[in-house]
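Take a look at the structure below.
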Amino acid sequence: MTPSAPGLYKPSRRRRDNRRGLPRVAAVIVNLFWAYVAYTLCRALFIAVNPATLSGGFAWDDIFRVFRAGLVFDSSAIFYLNAPYLLLVLLPFHVKDRSVLIQRIEKWLYMIPNSLAIVLNIGDAAAYVYRGGRTSAMVFSEFANESNVAGVVLSEMLSKWWLVLTAVAMIAGLAAVYRRARPLSQHTALGWYYVSGILSITVCAGVTVLAMRGGGVTSGSRPISVNDASRYAKSPTETSVVLNTPFTVIRTIGNTPPEVPHYFDKEELDAIYSPEHYPADSLERKTPNIVVILLESFSAEYVGALNRHLDGGNYAGYTPFLDSLIERGTTWSESFSNAVTSIDAMPAVLASIPRVGRPFILTPYSLNHLTSLPNELKNHGDYATAFFHGGTNGSMGFDSFAQSVGFDSYYGRSEYESDSRTGGNADFDGIWGIWDEEFMQYFAMKLGEMKQPFMATLFTLSSHHPFNVPERYKDRWPDDAEVPMYKCVSYTDNALKEFFEKAKSAPWYDNTVFVLTADHGFPMVKHDYYKTPIGTRYRIPIIFYDPSGNVFKPGHHEGYAQQIDIMPTVLSAIGYNKPFVAFGQNLLATSGEDTWAFNREGDITQFVQDCYIIEWSDDEIVGVFDLNKDSLMRENIADGFIDRKGMEKRVKAITQSFLERMDADSVRM
């Protein structure tokens with residue numbers, strides 16, 4: 001090697017390596033480009049893992065459309081997460097730009113947030129099938145009391161090991177293509193350095209603000225939100241493709257309740273829709289026991305008796321016992337959830353409160369004075385009340401909500417394991433709680449100890465990821481590679497059968513009304529009928545079963561039933577003689593053609609009445625589908641739709657009435 005000439009500066013090896021760097025602005029552009037590439041690859045992976053999220057399948061037009069739209073939301077997330085990196089690199093301070101330590105800090109300010117973005121996006125590709133949407137900041141509140149989160153995450157990582165390896169490879173690739181900013185030369189003119197630096201950081205600041213906001217900065221514009229994804233999507237499921245997880249987390253931090261709309265004055269509002277229920281003139285007062293059973297993730301697809309229209313009438317389903325109850329119970333043509341997640345179901349079923357954009361118990365409204373089935377029954381006949389859930393006490397906040405709506409007692413995993421008559425901790429499934437079969441037997445035993453009349457609710461848990469059944473049943477229900485949920489549903493259905501067999505011999509059984517429903521549907525299904533925006537999460541069983549036939553006459557009724565209808569229907573059936581507020585309808589006093597179902601996730605409302613479903617967003621109808629002619633919801637007929645039933649008015653009235661009453665804390669009468 002030729003020695004350096006006398007008097008020439010010989011850089012160290014570290015400084016020679018830094019010659020690979022680029023000018024500051026060029027380095028920023030190149031590194032941001034690779035961040036965009038990473039988000040794009042994550043979106044492609046999301047589609048590959050969840051192909052049903054694209055309403056148009058894999059048509060190139062749809063692919064390009066969602067990827068172009070996604071750039072708007074990617075830009076916002078990228079500039080939010082990379083703002084510290086951009087500031088440090090572009091800030092004109094010449095001592096900083098000669099420091100190797102600062103260069104290392106710049107790299108970590110780039111790698112850490114962008115690696116986290118990759119992990120969040122790829123994690124959501126796996127989690128979408130369970131959550132039905134992108135993860136938001138509310139997930140941290142939702143699982144704040146869960147002690148088994150680490151176990152669930154580890155289990156999911158092991159089952160989706162190839163996604164973990166993909167994330168590791170992408171992070172390693174990002175580190176490999178990262179380009180550092182070139183160190184400041186000792187011969188650089190400091191005057192030009194500061195002029196160019198101030199210009200660069202000024203331009204970057206403007207671009208950053210535009211990217212974070214999603215475009216406009218005029219007084220009439222607002223930063224883009226999660227709900228804006230619906231503008232670029234053909235269906236609610238496509239919004240998850242357009243979005244990215246870092247954006248949804250950032251934009252939902254510190255969410256405030258939605259603004260109360262004022263579509264109608266009070267007189268017109270009450271004429272269109274009112275949640276106030278008044279007793280009929282002649283009611284026969286009855287005081288049966290009321291038992292509500294919420295079945296975790298029981299999509300209607302799993303229930304054979306609800307699907308005689310599938311497979312040429314030969315569809316068997318996975319719930320033979322539930323089918324037998326349906327044959328002897330009271331049902332409606334179709335039934336829907338108002339919930340998206342488990343924490344939505346208790347307010348919907350027990351207090352007739354739908355989810356309107358956010359889980360109710362994560363809003364300030366959860367502190368309101370609520371009408372609820374337990375509280376109203378205490379006014380009706382001094383009912384004893386209890387809530388049962390085999391999960392770890394505090395799980396999902398169920399115990400807190402149960403107390404707020406009037407349950408006297410709560411029985412969870414702690415109470416089960418402390419009872420010497422049970423198998424204790426040996427019956428723990430290792431992740432979620434006590435196996436359904438054992439906990440249902442405990443439920444039956446505790447009901448026998450309650451003073452009649454009583455009202456009790458059971459929330460099951462075994463039909464859940466990671467799709468396990470007790471070891472003794474591993475060969476009874478074989479795995480289905482496409483839908484591993486099937487065996488779990490069969491197990492819980494059998495546990496339900498064992499519960500009823502024990503209950504039949506109890507003295508309280510013949511004087512009991514059973515209400516069986518699901519907390520929400522589950523997107524792990526096979527039939528296209530259940531892969532639509534209304535089918536994936538919202539089609540569930542709702543069954544009223546009265547062994548005596550004195551309160552609910554067995555039979556099938558035309559029309560729609562939904563979770564928020566349960567409370568007003570039960571109170572009407574037992575002759576409740578006081579006025580109350582419930583946002584659902586009394587199914588026993590509503591003709592089939594006038595029944596309706598409502599759900600809202602984010603800014604998309606789905607409203608079903610007669611044979612039509614409308615999708616409503618930003619104060620206008622964006623989709624209409626004729627379910628009689630187009631059960632798979634492939635033809636949007638919004639342009640030629642004539643709203644003869646006043647469905648849009650009903651949607652607006654329900655929304656206004658709900659938010660007005662919640663905002664004013666006026667749900668009790």
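The values are calculated or read from the model by the stated rules, or taken from the named source; none is laboratory data. For clarity, every value in this text was computed on a predicted model and none was experimentally measured. Here the Cβ positions follow ideal geometry from the backbone for every residue, glycine too, while neighbour counts run over all protein chains shown. Side chains are part of the model used for accessible areas, which takes the heavy atoms of the whole protein and leaves out ligands, DNA and RNA. Shrake-Rupley method; radii C 1.70, N 1.55, O 1.52, S 1.80 Å.
The mean accessible area for residues of the chain, using a 1.4 Å probe and ignoring ligands and nucleic acids, is 43 Å² per residue. Kirkwood hydrodynamic radius computed over the range 94-186 comes to 15.9 Å, based on all pairs of distinct alpha carbons.
Report note on the peptides 34-46, 535-547: ranked by the mean count of other C-beta atoms within 10 Å, highest first, their order is 535-547, 34-46. Normalised by residue count, the range 438-481 yields a Cα convex hull volume of 94 Å³ per residue. Please work out which option in (1) 108, 60, 43; (2) 108, 59, 48; (3) 107, 67, 59 gives Cα extents along the principal axes in Å calculated from these coordinates, and answer with its label. Computed from the coordinates, Cα extents along the principal axes in Å corresponds to (2). Kirkwood radius, the range 606-669, all distinct C-alpha pairs, inverse of mean reciprocal distance: 13.0 Å. In units of the rule-of-thumb radius 2.2 N^0.38 Å, the range 519-633 shows an alpha carbon radius of gyration of 1.18.
Kirkwood radius and radius of gyration were both taken over the C-alpha atoms of the range 204-356, and their ratio Rg/Rh is 1.09.
Expressed as a whole percent, the accessible surface of the range 309-462 that belongs to carbon and sulfur atoms is 48, based on a 1.4 Å probe.
Protection proxy ranking, highest mean first, for peptides 129-140, 240-251, 631-642: 240-251, 129-140, 631-642, where packing is the per-residue count of other beta-carbon atoms within 10 Å, averaged.
Each helix, a run of at least 4 DSSP H residues, gives -39500 (n - 2.57); summed and divided by the residues of the chain, these come to -13000 deg cm²/dmol at 222 nm. In the chain, taking the dipole from charged Cβ atoms about the Cα centre, the farthest positive-side position among 562, 277, 379 is held by 562. Tell me, what is the percent relative contact order of the chain, built from C-alpha pairs under 8 Å that lie six or more residues apart? Rounded, it is 18 percent for the chain. Protection proxy ranking, highest mean first, for peptides 98-104, 622-628: 622-628, 98-104, where packing is the per-residue count of other beta-carbon atoms within 10 Å, averaged. Legend: residues 234, 160, sorted from most to least accessible area (1.4 Å probe; ligands, DNA and RNA excluded), read 234, 160. Think of each Lys and Arg Cβ as +1 and each Asp and Glu Cβ as -1; about the Cα centre, that makes the dipole of the range 211-365 roughly 620 debye. Under the criterion of Cα pairs below 8 Å and six or more residues apart, the relative contact order for the range 43-120 equals 26 percent.
A Cβ-based charge dipole, computed about the Cα centre of the range 445-521 with Lys and Arg at +1 and Asp and Glu at -1, lands at about 320 debye.
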